[in-house]
Structures are given as C-alpha cells and as structure tokens.
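Structure first, commentary second.
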Amino acid sequence: MAGIYMNENLNDIKNNIKEKFKLSQYEEILNILNDFINDSNDCTDSEIYYMRGLANHELKFYEKAIEDYDKAIEINPNDEKMYYLRGLSKLQFGLFEEAIRDYNKFIEINPEYVWAYNDRGNAKYNLGLYLDAIEDYDKAIELNPDNELAYHNRANAEYNIGLYDEAIKDYNKVIELNPNANLVFYEKNSNSDNNDK
C-alpha cells in the first residue's frame with residue numbers, strides 16, 4: 001500500500017477515521033493509520049498519533065496506546081487530553097504510579113474534569129492508597145454529585161479500610177441515583193477505565 005495515503009488530503013483521512021470510530025472499526029483504523037504513518041516517513045501531526053492511540057486502547061493494546069500518546073505529547077506537549085488518555089492506558093496496563101503522574105499533569109491544566117479525579121482515585125486504589133483514593137472520589141462527587149460510579153468506587157475504598165457505615169451510605173446513594181443499579185456490574189467495572197466518559 002505504499003504511497004496510497006500520500007495523495008489523500010490529511011483532513012479527508014482524519015474525517016474517514018472519525019467515521020470509522022463511530023462504527024467501532026478499530027482494526028481498520030489501525031491499518032489506515034499505520035499505513036499513513038509508514039508512508040509519511042516522519043509524521044508530525046499529533047492528532048494522527050492521538051487517533052491511533054485511541055484505537056489501540058479500544059483494542060486493549062495499552063502499551064502501544066501509551067507509545068502513541070508519548071509521540072503525540074512529544075509533538076504537542078500542550079495538549080492536555082493526551083496526558084489524561086495516556087493515564088487511562090497506563091491505568092489499564094498496571095502502571096499506576098505513572099498513571100497518577102499523568103492525571104496530576106492533566107488536573108493542573110483542567111481541574112474541573114470529573115473523570116480525571118475518579119480515574120486518579122482508581123490508580124491510587126489499585127496501589128492500596130485508599131484514603132488518597134477517597135479524596136479523589138470526594139472531589140469527583142463534589143464536581144458531579146450524581147456520579148454514581150464515583151460513589152461506588154468510594155464505597156469500595158471505604159470498605160477496604162473498615163469504614164463500613166460510610167460504604168453502606170455510598171452504596172445506597174448508588175441505588176438512589178440509579179434504582180436499577182447492578183452492584184455486581186459496578187464491582188466488575190469500578191476501579192478501571194470508563195469508556196462512556
């Protein structure tokens with residue numbers, strides 16, 4: 001496929017990729033972007049690496065996603081969303097301390113993004129830093145009092161340090177916010193990345 005994408009307008013390629021994201025065609029996205037990057041020899045468009053990082057993350061290729069976000073940050077270190085996304089991939093890859101550093105950087109620039117606190121709390125939770133995790137879940141709840149996942153995550157952390165009454169209150173709050181809440185579902189999906197952000 002050498003040269004196939006060199007004649008296409010970069011914006012057309014990006015628009016094509018965005019449409020494929022809507023259809024969850026992640027493998028096809030990777031094929032297109034890999035070919036484009038290989039054909040361009042020295043791609044200096046951070047958005048190309050951003051999109052490839054997203055596709056790699058969706059396919060659970062977290063190490064490759066981290067590499068793509070590294071490259072995007074190298075090209076454009078002022079794009080704060082790359083730090084957040086790299087933090088998500090590091091969280092999923094088990095690099096909890098590194099994920100916390102990325103979330104810290106993101107929060108410095110964008111202190112009102114609820115999910116950054118929730119996800120940083122998840123990284124701390126995975127390190128056994130339950131009190132620190134609770135502080136992050138508290139902030140996520142302060143920013144969005146209807147964030148049922150943050151209540152659930154906080155309840156898990158509270159439970160782990162013996163704050164059973166507080167944990168029960170938070171589990172009850174989850175049910176209050178979502179009477180159809182399946183706490184088994186939450187248990188499987190808490191303290192990991194949330195794809196519906």
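The values are calculated or read from the model by the stated rules, or taken from the named source; none is laboratory data. Predicted model only: the values in this text are computed from it and were never measured. Every residue, glycine as well, gets a Cβ built from its backbone with ideal geometry; the counts of neighbours run over all protein chains shown. Heavy atoms of the whole protein, side chains included, go into the accessibility calculation; ligands, DNA and RNA do not. Shrake-Rupley method; radii C 1.70, N 1.55, O 1.52, S 1.80 Å.
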Once both labels are modelled 7 Å past Cα along the beta-carbon direction, what's the residue 138-residue 18 spacing in nm? 4.1
For the chain, report the accessible area per residue in Å² (1.4 Å probe, heavy atoms, rounded to an integer). 53
Can you work out the FRET efficiency for the pair residue 11 and residue 146, with r the C-beta to C-beta distance and R0 = 30 Å, to the nearest 0.05? 0.20
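Ignoring ligands, DNA and RNA, what percent of the 1.4 Å accessible area of the chain is carbon and sulfur? Mind dumping the intermediate values first?
Values: 4680 of 10430 Å².
Here it works out to 45 percent.
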For residue 127 and residue 168, FRET efficiency with R0 = 25 Å and r from the beta-carbon atoms, rounded to 0.05? 0.50
Scale the Cα Rg of the chain by the rule-of-thumb value 2.2 N^0.38 Å and send over the ratio, two decimals. 1.16
Under a point spin-label approximation (7 Å from Cα along Cα-to-Cβ), what is the residue 40-residue 180 distance to one decimal in nm? 4.2
Heads up, the stretch 102-155 by the C-alpha gyration tensor (a ≥ b ≥ c square roots of eigenvalues; a/c under 1.5 rounded, else a/b over b/c prolate, else oblate) looks oblate
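Please go through the residue pairs 64/105; 14/124; 20/64 and name each one whose alpha carbons sit more than 28 Å apart in this structure.
Numbers: 64/105 21 Å; 14/124 35 Å; 20/64 19 Å.
The answer is 14/124.
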Lys and Arg at +1, Asp and Glu at -1: add these up for the other residues within a Cβ distance under 9 Å of residue 66 and post the number. -2
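Let me spell out the model: positive unit charges on the Cβ of Lys and Arg, negative unit charges on the Cβ of Asp and Glu, origin at the Cα centre of the chain. What dipole size does that give, in debye rounded to 20? Can you show the working numbers first?
Values: 21 positive and 39 negative charges, 55 e Å.
Charge dipole, the chain, about its Cα centre: 260 debye, nearest 20.
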